[in-house]
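The values are calculated or read from the model by the stated rules, or taken from the named source; none is laboratory data. Note that the structure is predicted; figures quoted are calculated from it, not measured. Cβ atoms come from the backbone with ideal geometry, glycine included; neighbour counts cover every protein chain shown. SASA here: full protein model, heavy atoms, side chains in, ligands and nucleic acids out. Shrake-Rupley method; radii C 1.70, N 1.55, O 1.52, S 1.80 Å.
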Amino acid sequence: MKKRETLWMRYVDFEKIKDMLHLVYENNGKLRAGTLEQLGIEEGILVKKENGIPLTHSPRYHYRKVMEGLDLVEVREKIYHILEDERVLEFIELTSFKKDMSPEAKGILREIIVGNNDCRKYFFDVFMEKDTYTLEDLRKEGEYIIVETKSMREPSADKRMEQKKNNENIRKKKKAGAVILKNPSGKEIELKTQDEIHAIYWGVRLWALELEMTDEIFMSFAEGRIIYPINSDFSDKILINHLLNKIKADNSDSEWVVLHIPTFIKEVALSTRFSVDKIKNFLKDLKIKYPLSTMLIPSSTMFIDIKTPFEKQDSAFRDSYLYKQGIGYISHLRIGRGILKEVKA
Amino acid sequence: MSESFIVGKYKLSRNPFPPAASGIDVERDLYIPSKWEEKIGEYYETLHHGEGAKAFPIVGEYGSGKTVLLKGYLKDFFENKRIKTIYFENPGVKFYDLANTLMRTFGRYGFSKAIWERCKEYLPEKGQRSLFPMSFSDMLSTLRTKINRENKAKELSDVIKNKLNLTDEDEVAYRLGLMIVETASKPYFSYRDFVAGAKGSLVAEREESKYFKAIIKAIIKTYSVEGVAFLLDEFEEIAFHKRMTRKQTYEYLATLRSLIEVSESEENLWMILAMTPEAADETKEMNIALWERFTHQRKETVLKLEPLTEEESKNLIKWWLNGARDEEKLKKYRNKLFPFPEDIERVLQRPEIRLPRPLVRIGFFTLARAEEGEIEPPVPIDFITKIMDELYPPGK
């Protein structure tokens, strides 16, 4: 058999993967690629959510390949079979056709993905020091990584303007640049080809994000996207202690301490590896629990969007802020020192 | 004729609070908490005598009183020190957008005339000396041809550079000379006048700082003041509806840097920027060295506007009520909270309420609805709480 030279991972909706798996299970050993795809379309799985139009050939192909790559199914003599694996069978048992996955089922799926050799080699390994690890190890011991893209390696706006001023701006042919996933300890994975970028940066990375294995922070364009494995043992006691320490460390003579929310989220996320949403909810709850000592300060989006030259990244940057309906984006939290007594009480 | 309810019962000639509470017409002698006054006095003394930029930012969220502080307090503060203030609302990102606003504040005719008045004593007299000195309009009327205007511009630029010493740069001096003589054909400024490199432009290309220095010197000399203070409001908005491009980001920082450079030079230019916390943090993030020059590093000259204390909040309410108590019969109620209850602090617990704008809004709506419902004074706490919670729902 000809060895596959491209990576099989692509962005997919795992609810659809689960439903396709149920189709294979119901018709175990009966379906070829074409008939499986046809059945997927007829059952409303391999169709676009917004208008029901069947997916084109490429995404249909990728849905099949992801099932194969994750070892959920195997193809023997061009016929699809369920892989006789304990976890796969348990996953099928815990899920239902066309019904959302339960947290337990998602847990199994996470383990399958983290256990997959290709996913480890190209993505999860960079978070870990050791070579052998489980999902639990990744959550407990995984380091954060920084994503370095081609545009980050280009000269800054200031430098480019200076170059332009000095007529030194010689046009060079643009090259497709590598995406580098860097662990601060020095370990890194370089995604060099478009195939690798599609498979990992726009594939496995988003699987991990959507299945809540990892979370991401995007504070500034120059710093790059930070990805970290989520610690699922959330504790708001740790967060309140972190907050109180910040207040104690502020030695201004003011009754109020002002915290920049994205910076606070980043600091807490990197030290605790709690998810961004959990930290945001903690901050929102502070206003409800301590209304006399807390104040949310809104910001115009002008200075949020200034953080990146790329309009498509605006929403990623805005995600670092709290959002309140009717108020907008909240950039800062003002906390009265009185909260130190309130929390003790 | 019987007295209206508001006069008879509330002892107010009208509802003194403005309904919108934002963009209010700022009057002089507005209520300013003493801690703000003290900080400003302290920064002035430090920066006036020290080296470095005569500049500091005012950082506060929407409604915290930045505009009021600039227009209602700092204007008088500087003018009492013979420093001319120029207020900029939503300044553009380009440096010359500021020049545009600045020069329009004075008007082309007035500003050109003022510089010409200073120049004319050094200009050679031509022909027979007349009984009455030549006026600015007479001089302009002699400049009908382009050649005449060009010759005069050269003459003026020589005086501007060598006699008035407004600049040491030929181009800057010539542009100022051009501004004066071209007033004959165009007595107003247009946007293109401030586009460097454009045909007939009045600004020098790549000499922003030198051009601005010359303008500042010209203002000081022609208006007989000791300095100039730029009061820049809402620097974060920068009059854009769309996101800033990389180029605009650069221009924003370059403008800030140029202003600081002018302020750091020998010219007595003061620069006070009002900005939101996010704008301040982001400017700091984009260029930490620039921010440190702006805030004088360890001196930390940043005026942070925080929620008022309960006492300050009460004083602010009294100040507004006084505005409707000028009539003789109402004067004895001045400096009183009436018709608000004396224990109004019970509704002023939440810090977001104790900002000037929310206090003024709550004041307006409470009085308006209490008058409409003919509520007997003092207006009950529950009544105020209901209005306050409607305007500013708790938990938000």
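What is the helix-to-structure angle for B:356-372, meaning the angle in degrees between its Cα long axis and the longest Cα principal axis of chain B, kept from 0 to 90 and rounded to the nearest 10? Result, in degrees: 50. The simple Förster model, with R0 at 60 Å and r as the Cβ-Cβ distance, assigns residue B:261 and residue A:84 a FRET efficiency of 0.20. The distance between label points at residue A:134 and residue A:53 comes to 4.6 nm (points 7 Å beyond Cα on the Cα→Cβ vector). For the stretch B:338-348, the Karplus equation 6.51 cos²θ - 1.76 cosθ + 1.60, evaluated at θ = phi - 60°, returns couplings of 3, x, 6, x, 5, 9, 4, 4, 4, 9, 10 Hz by residue, with Gly and Pro reported as x.
Computed with a 1.4 Å probe on the full set of protein chains, the accessible area for residue B:291 sits at about 20 Å². The alpha-carbon positions of the protein assembly as shown define a convex hull whose volume is 248 Å³ per residue. Across the protein chains, with a 1.4 Å probe defining accessible surface, the residues B:122, A:329, B:44 rank B:122, A:329, B:44 from largest area downward. If the limit is 32 Å between Cα atoms, which of A:150/B:284; A:266/A:312; B:75/B:113; A:78/A:182; A:312/B:94 go over it? In this structure, A:78/A:182 exceed 32 Å between Cα atoms. Need one word for the stretch A:77-143: rounded, prolate or oblate. Basis is the Cα gyration tensor (sqrt eigenvalues a ≥ b ≥ c); a/c below 1.5 gives rounded, then a/b vs b/c decides. Cα axes put the stretch A:77-143 in the oblate bin. Near residue B:88, the amide H atoms lying under 5 Å from its own belong to B:231, B:232, B:233; only residues 5 or more places off or on other chains count, and H is placed 1.01 Å from N. To the nearest 20 debye, what charge dipole does the stretch A:24-134 have about its Cα centre, counting +1 at the Cβ of each Lys and Arg and -1 at the Cβ of each Asp and Glu? I would put it at about 460 debye. Rounded to the nearest 5, what % of DSSP beta bridges with both residues in the protein assembly as shown are antiparallel? Beta bridges within the protein assembly as shown, antiparallel portion: roughly 65 percent. Look at the stretch B:282-291: the mean tally of other chain Cβ atoms within 10 Å of its residues' Cβ atoms is 3. Across the stretch B:374-388, coupling constants 3J(HN,Hα) worked out from phi with the 6.51/-1.76/1.60 Karplus curve, θ = phi - 60°, read 6, 6, 5, x, x, 4, x, 4, 4, 4, 5, 4, 4, 5, 4 Hz, and Gly and Pro carry x.
Quick check on chain B: helices-only [θ] at 222 nm, where DSSP H runs of length 4 and up contribute -39,500 (n - 2.57) each and the sum goes over total residues. Nearest 500, please. So the calculated ellipticity at 222 nm is -14000 deg cm²/dmol. Counting Cβ atoms of other protein chains within 10 Å of each residue's Cβ and taking the mean over peptide A:292-300 gives 6. Applied to the stretch A:102-111, the Karplus parametrisation 6.51 cos²θ - 1.76 cosθ + 1.60 on θ = phi - 60° returns per-residue 3J(HN,Hα) values of 7, x, 5, 5, 4, x, 5, 4, 4, 5 Hz, with x for Gly and Pro. A 1.4 Å probe over all protein chains sorts A:216, B:37 by accessible area into B:37, A:216, starting with the largest. Once the Cα atoms are used to define both axes, helix A:276-289 deviates from the longest principal axis of chain A by about 40 degrees. Strictly over 32 Å apart at the Cα level, which of A:344/B:304; B:120/B:247; A:16/A:192; A:280/B:318 would you flag in this model? Long pairs (Cα-Cα over 32 Å): B:120/B:247; A:280/B:318. Axis of helix B:208-222 versus longest Cα principal axis of chain B: the two differ by about 80°, to the nearest ten degrees. Descending by average beta-carbon neighbour count within 10 Å, the peptides A:8-15, B:219-226, B:186-193 line up as A:8-15, B:219-226, B:186-193, the highest first.
Using the Cβ-Cβ distance between residue A:313 and residue A:190 with R0 = 25 Å, the FRET efficiency computed as 1/(1 + (r/R0)^6) comes to roughly 0.70. Taking amide H as placed 1.01 Å from N in the peptide plane, the amide H of residue A:215 sits under 5 Å from that of A:228, A:230, each at least 5 places away or on another chain. A straight chain from residue A:150 to residue A:76 at 0.36 nm per residue would run longer than the Cα-Cα distance by 22.5 nm. Estimated at the nearest 10 Å², the accessible area of residue A:299 is 10 Å² with a 1.4 Å probe.
Sorting the segments B:69-77, A:263-271 by their residues' average number of neighbouring beta-carbon atoms within 10 angstrom, most packed first, yields B:69-77, A:263-271. For the protein assembly as shown, the dipole from Cβ point charges (+1 on Lys and Arg, -1 on Asp and Glu) about the Cα centre works out to 2320 debye, to the nearest 20. Scanning residues 5 or more positions from residue B:271 or on other chains, those with amide H under 5 Å from its amide H are B:55, B:56, B:230, with H placed 1.01 Å from N in the peptide plane. Peptide A:269-275 is shielded by partner chain Cβ atoms: per residue, an average of 0 of them sit within 10 Å of its Cβ. Selection among A:109, A:8, A:66 by position relative to the dipole of the stretch A:1-120 gives A:8 as farthest towards the positive end (Cβ unit charges, Cα centre). For residue B:187, neighbours were defined as the other residues whose beta-carbon sits under 13 Å from its Cβ, and their charges (Lys and Arg +1, Asp and Glu -1) total +2.
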